Structure formats: C-alpha cells, structure tokens
1. Kindly indicate whether any position in the range 138-145 is more than 14 Å from I25 (Cα to Cα) and free of Cβ contacts under 8 Å to residues at least 24 places away in the same chain.
2. For the range 170-209, enumerate the residues that are closer than 17 Å to S59 by Cα, β-branched (V, I, T) and under 17 Å from the mean Cα position of the chain (by Cα).
3. I need every pair where a residue in the range 163-182 that is farther than 21 Å from L68 by Cα has its Cβ under 8 Å from the Cβ of a residue that is of a type in the set (A, V, I, L, M) and not in a helix (DSSP H, G or I), sequence separation at least 6 or different chains.
4. Look at the range 33-76 and say how many of its residues are charged (D, E, K, R), assigned to a loop (DSSP other than H, G, I, E, B) and closer than 25 Å to V126 by Cα.
5. Please give the number of the condition V117 fails out of (1) hydrophobic (A, V, I, L, M, F, W, C); (2) closer than 23 Å to D206 by Cα; (3) in contact with a Lys or Arg (Cβ under 9 Å, 6 or more places away or on another chain).
6. Which residue is surrounded by the most Cβ atoms within 10 Å (Cβ to Cβ), if the candidates are limited to the range 120-136 and must be more than 10 Å from I103 (Cβ to Cβ) and over 10 Å from the mean Cα position of the chain (by Cα)?
7. Please give the number of the condition K185 fails out of (1) in contact with an Asp or Glu (Cβ under 9 Å, 6 or more places away or on another chain); (2) farther than 30 Å from L105 by Cα; (3) in a helix (DSSP H, G or I).
8. Applying the selection to the range 79-91, what residues are at pLDDT 95 or above and in contact with a Gly (Cβ under 8 Å, 6 or more places away or on another chain)?
Amino acid sequence: MPLPDERQYIIDDMTIKESWRLFKIMAEFVDGFEKLGDYFPSIAIFGSARLKRTDPIYSKAETIARLLAKKGYNIITGGGPGIMEAANKGAVEGGTQSIGLNIELPFEQQPNEYANVKLSFQYFFVRKVMLIKYSVAYIIMPGGFGTLDEMFEAITLIQTKKIRPFPVILVGSDYWGGLVDWIKKEMIPKGTISPEDMDIIQIIDDPEEVVHMIQKIVLI
C-alpha cells in the first residue's frame, strides 16, 4: 500500500539529507589528510577532558609530552581540555608541533589554547581515522569512555592486522591495573582473546620509561 504523500515526502527529504551528509564526511577526510600529512612522526596522547590542571595526572601528561617533543616527536591529541590540554602544552614547551583534533560536542569539549595546529571534526569516526593514520604510538592516560574507545579501537585494529602494530602504552598502573587484570582473568580463560594479544599493550608509570620504550620501538 502506498504511503501517504506527507509521510513519503518526509522519507524522501531524510534520504536527501543523508546523501548530502556524505559530502560533509568526505570534506572532513580531505581536510585531515591534507593538513596532517606533514607532521611525522606524531604520537597521540589520550586522557580525560575532565581532569583539572591541579591533578597529578595532568602534570604527568605534560611531562611525557615535553620529553617526547624534545626527542623530535610531534604530539597529537583530541584538542580539548584536561589531559589533552596538558599534552598539547607539553608539546609547545618541548618545541615541537602541538596538534589538536577537536570534536564538536554540545558540552565539555572546547579547543585548548596550546594546540598550534587545529582541526575540528563533527564525526568521531573521521577523527579516529586521523589519529590512527598519523600516529606512531598511543599513550593512554587515565580517562573515561572516550579514552577507552580510542584505546580498544587501536588494540582491535592491531589484533586483526588492519594496521601496522605500534606501541599502546597505558600510563598509570593504579588506574589501568584492574582492567588489565580483569582481561587476563576473564577473557583469556574463556578464549575470547589469545594470551599473546596482551603483548599489544603495556602499563608504564614513569615518564622517562615511557619515552625510552617509544624510542626503542619507534625509530625516527
């Protein structure tokens, strides 16, 4: 039975709008590819947007980024406040490129002042492609669901050999230890992952050790 004219019009209008959205997605990909290709090598640092400048984790992220910057690595973050801001600040202090890939959100996410290379994205999945494509290592500071999303995306792509393997370093054994213990206790015995999959990630607490590990694996 044919749809009422008004309902058919709404469906047709939605279809047209969805089709045009593809051009916005393509534009974000093109913009990212054109602007980020010059910044090699870059290391992505993730972490909570909610942590304050007075938090010790903020200071640690800033230190790690500064040390890496002095070794010649550019720093790339999600461009927002909290740990992202700390990492971009450390990059500036270390004299390297400080890249912020901001996501447009109705709350919480505003571009930080320390990113000197800024891009803005409406779509999370486009931004994740940029972070994966242009990073030679991931440093995962304590964070929330967004940080977990970025971490597990990288782990999955490495595990399934969809991307080249690179270091995925979790900073903070007190924060990440429980999660890693759960994975070992629950997932490996049930066969949902292989024991060797745990080799993809490492937990490191000391900033100097983080830098040493990356230098040992990622040669520039």
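The values are calculated or read from the model by the stated rules, or taken from the named source; none is laboratory data. Please read all numbers here as calculations on a predicted model, not as lab measurements. Glycine also receives a Cβ, built like all others from the backbone with ideal geometry; neighbour counts cover every protein chain displayed.
1. Filtering the range 138-145 for residues more than 14 Å from I25 (Cα to Cα) gives 138-145.
Filter once more, so that each one left must be free of Cβ contacts under 8 Å to residues at least 24 places away in the same chain: 145.
Within the range 138-145, one or more residues are more than 14 Å from I25 (Cα to Cα) and free of Cβ contacts under 8 Å to residues at least 24 places away in the same chain.
2. Within the range 170-209, the subset closer than 17 Å to S59 by Cα is 170-175, 204-209.
Right, trim to β-branched (V, I, T) and you get 171, 204.
Passing the criteria: only V171.
3. Filtered contacts from the range 163-182: W176/I140; W176/L170; W176/I203; G177/I203; V180/L170; V180/I201; V180/I203.
4. If we filter the range 33-76 for residues that are charged (D, E, K, R), which is where we start, we get 34-35, 38, 50, 52-53, 55, 60, 62, 66, 70-71.
So of that shortlist, the ones also assigned to a loop (DSSP other than H, G, I, E, B) come out as 38, 50, 52-53, 55, 71.
Add one more test, that the residue is closer than 25 Å to V126 by Cα, and what stays is 38, 50.
Number of matching residues: 2.
5. (2)
6. That would be Y134.
7. Evaluating K185 over (1) in contact with an Asp or Glu (Cβ under 9 Å, 6 or more places away or on another chain); (2) farther than 30 Å from L105 by Cα; (3) in a helix (DSSP H, G or I) leaves (1) as the failure.
8. Matches in the range 79-91: G82, I83, M84, A86, A87, N88.
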